[in-house]
């Protein structure tokens, strides 16, 4: 018998006989059947896929290797003619999300969701959060909750089904305000982007509030540095979970379970491949490459072998929890996010691990030019500048550039409890002189 929450979700979603979870092999065979179905469906109902998959015979897809030979779908194709990817009429669409990519001047991506798509996400959120929050408990969500179909509202619906409560705080602008609401709502769980949750944890610690009041934390929306996971877990005295998802796949993509050995993939709704970004050749489990996703059960706007532009890997080991769901490494990074400084390349991930580990730092933002690295650090302004400078010099590419007199470091400090980067956008290493500076 299975009592693991994600296995309960899996058996329901696969319409599997209740009581015993399917094996990993049975999940793979079920996925392959759904992949054949979505290819046939898209070819016959979407103008784009009719041409894009014109030479594909869906019944001939007998293995996942066969499926991996299908042509890839690019972000440009989705941007240029999103309506051409639709497999249903516009009357069947419940929500349209427009995504603007930073640094581009072309058309934005428009992602169409049917009511079934949104219902599937609510159901995944319900079961995915079962390890973090129980009946009668409350989660404070550091994201907006007014927009119908937005992540805040979907969490409200999901937790209500489990007899729990989600309270959207909105976009966090002050860590102190978030803590006041956490205390007022008697929150048991905190959900939000890693940078914002880190600020809340630092403020919680500064106020001398006790460990154990917050029972779990979920880091979502953006990359979660290990340093933040350690900070938050230590301050609150609880387990910290991580989540990966994309608007394109309906938000929910993968979530950690109690053992914390990786993020379980949402296998029924998101089929993930890892490919070599240069050759598009599939890579084996354990190797990092570009993440390519297919949405087998989305009938409105399915994505078939969509290049996400994210780098990640599927872990080759099984989870100690015993689930047949594959594990995604939490270390996920955006391709091309590195910045050229001196004679090497610096990544935001390197900065995050070095700077968030500093005891006095709450948040930071970074800008770059070939000979300049500028950091805005939020925290204890009296001692922060020197500790930030020392932490930066611990990163080899920075130390080498400084030693060669090819890089100047500029540090601004503030004791403000507002995020260093306003808004909920994905964090980036920005060019010096950009509008975010």
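The values are calculated or read from the model by the stated rules, or taken from the named source; none is laboratory data. Everything numeric in this text was worked out from a predicted model, so none of it was measured. Every residue, glycine among them, receives a Cβ derived from its backbone with ideal geometry; neighbour counts consider all protein chains shown.
Residue by residue, here is whether (1) free of Cβ contacts under 8 Å to residues at least 12 places away in the same chain; (2) closer than 20 Å to residue 276 by Cα; (3) surrounded by 18 or more Cβ atoms within 10 Å (Cβ to Cβ) holds:
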{"site": "29", "(1), (2), (3)": "yes, no, no"}
{"site": "37", "(1), (2), (3)": "no, no, no"}
{"site": "75", "(1), (2), (3)": "no, yes, no"}
{"site": "78", "(1), (2), (3)": "no, no, yes"}
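The residues listed here are 46, 68; of these, the one that is at pLDDT 95 or above and either farther than 23 Å from residue 82 by Cα or in contact with a strand residue (DSSP E or B) (Cβ under 7 Å, 6 or more places away or on another chain) (or both) is 68. Looking for something under 30 Å from residue 56 (Cβ atoms), in a strand (DSSP E or B) and in contact with a strand residue (DSSP E or B) (Cβ under 8 Å, 6 or more places away or on another chain) - is there at least one such residue anywhere in the stretch 313-322? The answer is yes, given that some residue of the stretch 313-322 is under 30 Å from residue 56 (Cβ atoms), in a strand (DSSP E or B) and in contact with a strand residue (DSSP E or B) (Cβ under 8 Å, 6 or more places away or on another chain).
Within the stretch 17-27, take every residue that is surrounded by fewer than 17 Cβ atoms within 10 Å (Cβ to Cβ) and assigned to a loop (DSSP other than H, G, I, E, B) and give me the one that is nearest to the chain's Cα centre (by Cα). Working first, answer last.
Step one: filter the stretch 17-27 for residues surrounded by fewer than 17 Cβ atoms within 10 Å (Cβ to Cβ), giving 17-20, 23-26.
Within this subset, residues satisfying the condition of being assigned to a loop (DSSP other than H, G, I, E, B) are 17-20, 23.
On the way: 17: 31, 18: 30, 19: 31, 20: 30, 23: 26 Å.
This residue is 23.
Within the stretch 348-372, the residues that satisfy the criterion of being part of a loop (DSSP other than H, G, I, E, B) and surrounded by fewer than 21 Cβ atoms within 10 Å (Cβ to Cβ) are 357, 358, 359, 360, 370, 371.
Yes or no: the stretch 258-268 includes at least one residue that is assigned by TED's automatic domain parsing to the domain that holds residue 212 and free of Cβ contacts under 8 Å to residues at least 24 places away in the same chain.
Yes, the stretch 258-268 contains at least one residue that is assigned by TED's automatic domain parsing to the domain that holds residue 212 and free of Cβ contacts under 8 Å to residues at least 24 places away in the same chain.
Scanning the stretch 323-347 for residues that are out of contact with any helix residue (DSSP H, G or I) (no Cβ under 7 Å at 6 or more places or on another chain), crowded, with 20+ Cβ neighbours inside 10 Å and modelled with pLDDT of 90 or more yields a count of 5. Checking 111, 93 one by one, the residue that is in contact (Cβ under 8 Å) with a residue 40 or more places away in the chain and over 20 Å from the mean Cα position of the chain (by Cα) is 93 and no other. Of all residues in the stretch 132-150, those being farther than 26 Å from residue 298 by Cβ and touching a helix residue (DSSP H, G or I) at 6+ places or on another chain (Cβ under 9 Å) number 6.
Of the residues making up the stretch 373-395, just one is in contact with a helix residue (DSSP H, G or I) (Cβ under 9 Å, 6 or more places away or on another chain), surrounded by fewer than 16 Cβ atoms within 10 Å (Cβ to Cβ) and part of a helix (DSSP H, G or I), namely 393.
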